[in-house]
Amino acid sequence: MQALLKLFQFLRPHWRFAVMAPVLMLCEVVLDLMQPRLIQRIIDYGVARSDTQVVLGTASLMLCFMALAGLSGLGCGYFAVRAAYGLGGDLRVALFRKVQSLSFGNLDKLETGALITRLSSDVNKIQEMVMMMMRGMVRMPLLMLGSLVMAAVISPRLGLIFIIILPALTIALIMIIRKTFPLYRQVQEGLDGVNTVMQENLAGVRVVKAFARTEYESARFAFANNILVQRMTDAVRMSSRTTPVMMLTLNIGVVAALWLGAGQVQNSGMLVGELVAFINYLGQAVITLMMFSTLTIQISTAQASAKRVLELLESEPMIPSPGQKMQLPSRPLGKVVFDNVSFNYSQANPDLVLKNISFEAEPGQTVAILGATGSGKSTLMQLIPRFYDVCQGRVTLDGVDVRKIPEEELRRHVGIALQESILFSTTIKNNIRLGEPDASFEKISTAAENAQADEFIRNLPDGYEALVGQRGVNLSGGQKQRLAIARALLLQPSVLILDDSTSAVDVRTEGLIQKALERNSFQQTRFIVAQRISSVLNADKILVLDNGEIIAQGTHFELLDACEVYREIYDSQTENGVLTYSGN
Ligand SMILES: Nc1ncnc2c1ncn2[C@@H]1O[C@H](COP(=O)(O)OP(=O)(O)O)[C@@H](O)[C@H]1O
Ligand SMILES: [Mg+2]
């Protein structure tokens, strides 16, 4: 219950609707409770005395009450929807914001599939339940109490039927509910299973087709789906037992009322209409109990959803914001120092991904990082904009520990083109100016020119306005990479990191990008992660990374002399002293 209660704070902005709904429901219930009494009046004073006046008058009153009750019900429904959907909408936004605020370390642990389930079906369940509650919260206890009181007023002796029937029905319903709970929990687990398979396959459908795994994956999906269908059937079958149980109890109650009531009508002057009204109240009480059992099931499933939503909502970013902030100058020089840095993705794993890394990058220098895949190049680069925190040692920018620099400021001065170029489904222009949404067109096109992307962009049907992605143009790997570079260049950061950003760009274009970078009018420290010797030849300093350690650093010629690994890489990419590796 606690998780649900915590989420109710999201009702606060919608409190007017949340109050209006139960108030209107109150009107509806009161009007509903009057109906059996009016029926009684028609029977006892109208029909019994053949008084058409009373029959017509009371019938009109009944119609009025019905219309009013209907209106109140509609109003209640409307406000309940506004409140519940308002809560759902706000909750989704809060969850989305939360995901955005998490750090890389948190995101490594969350599956996209599970995130989507939380933002969609979990929020929906909570929303539905809140809506049901808005209506049921007032209706059920009031209708129950009202029916009991009204019935007791009619005949305290017949009221004993309530005392026997309602507890019996309650016990039966509890027994059924207790069997249903675990079934619904299994349904949710089944839904997770289906979502995971679906998410993986929708994202990777091309790979599935390329490796002719369609049959296998379809079978896997069918299997998960069958489990879900089976569990849903079980759960619904179990919970639908409540209806016959309720009907049986109700009918027993009606028979008992008629039997005992008939005696009272003959002997102690009870009116026929009163008996009819009594039976009506009995029916209402039983139906209310049914509604209550449905709501209980709904609350329990919403409870599971609330826990999952809250777990995400309450997760703290693994990168704490600096306690004591240090301001950088408006344009830092760009000196980057790694001081005996060790790093690990998870504390549980004793093997370090980076071991005792120390090096300095002077302002304006170009530093290249060379090493086999998995040697830790990307990890090393991601420590500069503080995507992760070091486990030992420190990384400084202009002498200030990056842990002391406010996140936005750090990210403004450190531009990075990630190894995987991700584009959003908007225009090329917007994709480039992601880090500076109000950048002028001139700035955008300069960045694109320097990244050698301007030419191919202008050749697209809509140029810079061309849409990227599913409904727009499809770009090659090299073109995407150049857009990612342009995006990083646009910020004109003091520190620029290109993480293997030209792996799919041909050598000639890569050379042009490097030349353009050198022509920059401002000072910039550059880190270039590369696989090809040709990419690093002109760097001021080359770091050779192997298995998380820097095994050598120096210029190209120094390393050719001193580092065997470097020489091996060089030899493998040259033939008779001529670079052969030309990329793709
Ligand atoms: N997000 C991550 N979580 C856990 N381990 C990771 C993560 N990213 C990379 N690694 C591991 O860290 C090591 C270095 O990876 P990476 O820095 O990407 O190497 P490179 O960029 O040189 O190819 C690899 O063993 C890889 O499996
Ligand atoms: Mg990498």
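Quick notes
- Criterion (within 13 Å of ligand 1 (Cβ to nearest atom), assigned by TED's automatic domain parsing to the domain that holds I416 and closer than 30 Å to S572 by Cβ) met by exactly one of Q347, Q382: Q382
- Near pairs, Cβ below 6 angstrom, 6+ apart or cross-chain, from the stretch 479-506 (of a type in the set (V, I, T) and open to solvent by less than 20 Å² (accessible area, probe 1.4 Å)) to any residue that is part of a helix (DSSP H, G or I) and at pLDDT 95 or above: I497/M381
- Looking across the stretch 188-218, the residues that are open to solvent by less than 80 Å² (accessible area, probe 1.4 Å) and of a type in the set (S, T, Y) come down to T196, T214, S218.
- Selection within the stretch 119-130 - surrounded by fewer than 22 Cβ atoms within 10 Å (Cβ to Cβ) and either closer than 14 Å to F96 by Cβ or among the hydrophobic types (A, V, I, L, M, F, W, C) (or both): L119, S120
- Any hit, the stretch 434-453, residues being closer than 23 Å to N106 by Cβ and among the hydrophobic types (A, V, I, L, M, F, W, C): yes
- Evaluated against (1) within 16 Å of ligand 2 (Cβ to nearest atom); (2) within 35 Å of the chain's Cα centre (by Cα), S535 falls short on exactly one condition, (2).
- Qualifying residue in the stretch 347-368 (condition: within 30 Å of A516 (Cα to Cα), among the β-branched types (V, I, T) and in contact (Cβ under 8 Å) with a residue 40 or more places away in the chain): yes
- Set I457, I422: member being β-branched (V, I, T) and within 16 Å of ligand 1 (Cβ to nearest atom): I422
- For the stretch 395-435, a residue qualifies if it is surrounded by fewer than 17 Cβ atoms within 10 Å (Cβ to Cβ), within 16 Å of ligand 2 (Cβ to nearest atom) and of a type in the set (V, I, T), and exactly one does: I422.
- Single residue of R178, R135, R185, R92 found to be buried (at least 21 other Cβ atoms within 10 Å of the Cβ) and assigned to a helix (DSSP H, G or I): R135
- P317, sole failed condition from (1) in contact (Cβ under 8 Å) with a residue 12 or more places away in the chain; (2) of a type outside the set (S, T, N, Q); (3) away from ligand 1 (no atom under 16 Å from the Cβ); (4) out of contact with any Phe, Trp or Tyr (no Cβ under 8 Å at 6 or more places or on another chain): (3)
- Search result, residues across the stretch 540-566 that are part of a helix (DSSP H, G or I) and open to solvent by less than 90 Å² (accessible area, probe 1.4 Å): H556, L559, L560, A562, V565, Y566
- Test: residue in the stretch 505-528 that is over 33 Å from the mean Cα position of the chain (by Cα), within 15 Å of ligand 2 (Cβ to nearest atom) and at pLDDT below 90: no
- Scope the stretch 391-417; condition within 16 Å of ligand 1 (Cβ to nearest atom) and in contact with a helix residue (DSSP H, G or I) (Cβ under 7 Å, 6 or more places away or on another chain); matching residues: V395, I416, A417
- Of all positions in the stretch 240-255, at least one carries a residue that is in the same structural domain as E111 (by TED's automatic domain parsing), modelled with pLDDT under 90, open to solvent by 30 Å² or more (accessible area, probe 1.4 Å) and among the hydroxyl-bearing types (S, T, Y).
- Subset of the stretch 261-279 that is in contact with a Lys or Arg (Cβ under 9 Å, 6 or more places away or on another chain) and buried (at least 16 other Cβ atoms within 10 Å of the Cβ) - its residue that is nearest to R139 (Cα to Cα): A277
- Subset tally (residues that are farther than 20 Å from K443 by Cβ and either open to solvent by less than 10 Å² (accessible area, probe 1.4 Å) or in a loop (DSSP other than H, G, I, E, B) (or both)) for the stretch 522-534: 7
The values are calculated or read from the model by the stated rules, or taken from the named source; none is laboratory data. Just so it is clear, the structure is predicted and the values come from calculations on it, not from any experiment. Here Cβ is always computed from backbone atoms with ideal geometry, including for glycine, and neighbour counts include all displayed protein chains. What goes into the accessible areas is simple: the full protein's heavy atoms, side chains included, and nothing from ligands, DNA or RNA. Shrake-Rupley method; radii C 1.70, N 1.55, O 1.52, S 1.80 Å.
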